[in-house]
Amino acid sequence: MNRLSLSQRLGAVFVLLLVASCIASGWLQLRANEQREREVVQRLSMDLASHIAQHTTLMDPAGLNAAAVRELFSKLMDVNPSVEVYLLDLDGHILADAAPPGHLRRRTVDLKPVREFIAGAALPVLGDDPRTPAARNVFSAAPLKVNGREAGYVYVVLLGEQHAALARRANGDDVLRSTLWSIGLVGVGGLLAGLVAFRWVTRPLRQLTRAVHQLQANGTVAVAGDGAPGRRATEADGDEIRTLRRAFEQMAHRIATQWGELSAQDRQRRELVANISHDLRTPLTSLHGYLETLRVKADHLSRADQERYLDIALGQSRKVNRLAEELFELARLEHGGVKPATERFSLPELLQDVVQKFELPAQARSQRLLLEIAPDLPPVAGDIGMIERVLTNLLDNAIRHTPAGGMVRVLLGREADAVRVQVADTGPGVPESLREGLFDRPPIASGRRTGGGLGLLIVRRILQLHGSDIQLVTAAGQGAVFEFRVGTWREPQPL
């Protein structure tokens, strides 16, 4: 039984219940037929005992009229062999009968059913059968009066011993056979209809089982037409199994999606480690080379060459230090180590403070910094330190990728519930081959790093913590234009 599937076990239980119901129905039908036959016979012959008591003299003041009793019993047995007539006294003792010798098994009849019958109780009323002690049978009864006083009872068993024997031989088997045939036909029809209906009802369960096996086999699930990921499993459609299957398919789809995202993140992490290793190797190699040169050839180098080598070594050291700081900050942002402290502030004022830090580097490269700020900008909500880091990274990136004499432009514009920020430069722009994954990893091309590097990764993580994101909105060769949005401040609602 344990090796059967759930559908097979449910089907077996259904068949057993159907068979049990058919057996119970057949037994109840036979009992109902028997009760109906008894009621009909008793209702048709209910006045028989009264007629005998009124039109015959079975007892007289001297006692039992034996000749009258023998004559009556003989006539009744000739006319209707199925009846059995008994003469009872007031205590239920049998005074006279027509039973053959040895057939009378009971000498006393319970008078309670007799009195109920005479009082008009609902039919059928069953009483004792003197020839069959263990059975109760339908009867007709009436009081027998002598000189106006009750002297006993006429007790007539309507379906006596001979009737029972004849019924068993004549039609008992036929009735049982017809009953069994009718029940069998109904049972087979019900079984076929039930199995068809059961197969239809359990179809979603079988589909769910196939989906589970498919997930176990290859880790994916083919989503059915009504179980598309876009449709919620909580939608009520009256079918709990279908809802369960849809929820399972959505769960499997979500697991597959998350597994794909984890695989992509793992791949990006490996690429990031490789790229950072390359970025660290170049300045460290240069730093090591110049320091080793100073150590070995310090006595042979001029003062100017020594200072130049030291300046180069310090520059490479600053690059390593900056890369380490960016890497540490990126790790904190990605692993939930930093939470934005949201506050209300003015984005134009913050931008002007950041631009002041880059005025001297821009002048050194003959670059122009242009601010375009829309009037009446509302205050924004965010972590002022993080947003400052975003602006710093973007401006630093724009200045480094803009040639001498170029221009870096920062635009602040108003939208429905946010302030739009654009940082544009007049550099060569981002090649089409590097656009994919620009904000996910620092790409390397032809042995040197290109693109935004860790700075753009940090920018995107910070904006994601603020419920925003960054995007590149220009084509290659037209300069780079980075755009993001900062939500406006909303006053807290009073409780």
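Go through the residues of the stretch 124-132 one by one and say whether even a single one is modelled with pLDDT under 85, open to solvent by 20 Å² or more (accessible area, probe 1.4 Å) and either out of contact with any Cys (no Cβ under 9 Å at 6 or more places or on another chain) or assigned to a loop (DSSP other than H, G, I, E, B) (or both).
Within the stretch 124-132 (the criterion being modelled with pLDDT under 85, open to solvent by 20 Å² or more (accessible area, probe 1.4 Å) and either out of contact with any Cys (no Cβ under 9 Å at 6 or more places or on another chain) or assigned to a loop (DSSP other than H, G, I, E, B) (or both)), the answer is yes, since at least one residue qualifies.
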*Which pairs have Cβ atoms under 8 Å, sit 6 or more apart or on different chains, and link a residue in the stretch 455-484 that is of a type in the set (Asp, Glu) to one that is in a loop (DSSP other than H, G, I, E, B)?*
Glu483/Val473
_Residue ID - nearest to Leu58 (Cα to Cα), chosen from residues in the stretch 70-121 that are surrounded by fewer than 16 Cβ atoms within 10 Å (Cβ to Cβ) and of a type in the set (Gly, Ala, Ser)_ = Ser74
_I'm trying to understand the selection: among the residues of the stretch 366-389, which are under 47 Å from the mean Cα position of the chain (by Cα), open to solvent by 50 Å² or more (accessible area, probe 1.4 Å) and among the charged types (D, E, K, R)?_
Arg389
_Being surrounded by 15 or more Cβ atoms within 10 Å (Cβ to Cβ) and more than 60 Å from the chain's Cα centre (by Cα) narrows it down to one residue among Leu294, Leu280; which is it?_
Leu294
*Just to be sure, is Leu395 more than 23 Å from Arg344 (Cβ to Cβ), of a type outside the set (Val, Ile, Thr) and either in contact with a strand residue (DSSP E or B) (Cβ under 9 Å, 6 or more places away or on another chain) or open to solvent by less than 20 Å² (accessible area, probe 1.4 Å) (or both)?*
yes
*Would you point out which residue out of Val355, Val390 is of a type in the set (Val, Ile, Thr), under 30 Å from Arg281 (Cβ atoms) and at pLDDT 85 or above?*
Val390
*Just to be sure, is Ser45 touching a strand residue (DSSP E or B) at 6+ places or on another chain (Cβ under 8 Å) and of a type in the set (Ser, Thr, Tyr)?*
yes
*Among residues belonging to the stretch 124-155 that are in contact with a Leu (Cβ under 6 Å, 6 or more places away or on another chain) and of a type in the set (Val, Ile, Thr), point out the one that is nearest to Arg70 (Cα to Cα).*
Val154
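Conditions tested, residue by residue: (1) in a strand (DSSP E or B); (2) modelled with pLDDT of 80 or more; (3) open to solvent by less than 80 Å² (accessible area, probe 1.4 Å); (4) touching a Ser or Thr at 6+ places or on another chain (Cβ under 8 Å).
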site: Met1; (1), (2), (3), (4): no, no, no, no
site: Gly11; (1), (2), (3), (4): no, no, yes, no
site: Phe14; (1), (2), (3), (4): no, no, yes, no
site: Glu39; (1), (2), (3), (4): no, yes, yes, no
site: Arg43; (1), (2), (3), (4): no, yes, no, no
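The values are calculated or read from the model by the stated rules, or taken from the named source; none is laboratory data. What you see is a predicted model; the values in this text were computed from it and never measured. All Cβ positions, even for glycine, are placed from backbone atoms using ideal geometry, and neighbour counts span all protein chains on display. Areas reflect the complete protein model, heavy atoms only, side chains present, ligands, DNA and RNA absent. Shrake-Rupley method; radii C 1.70, N 1.55, O 1.52, S 1.80 Å.
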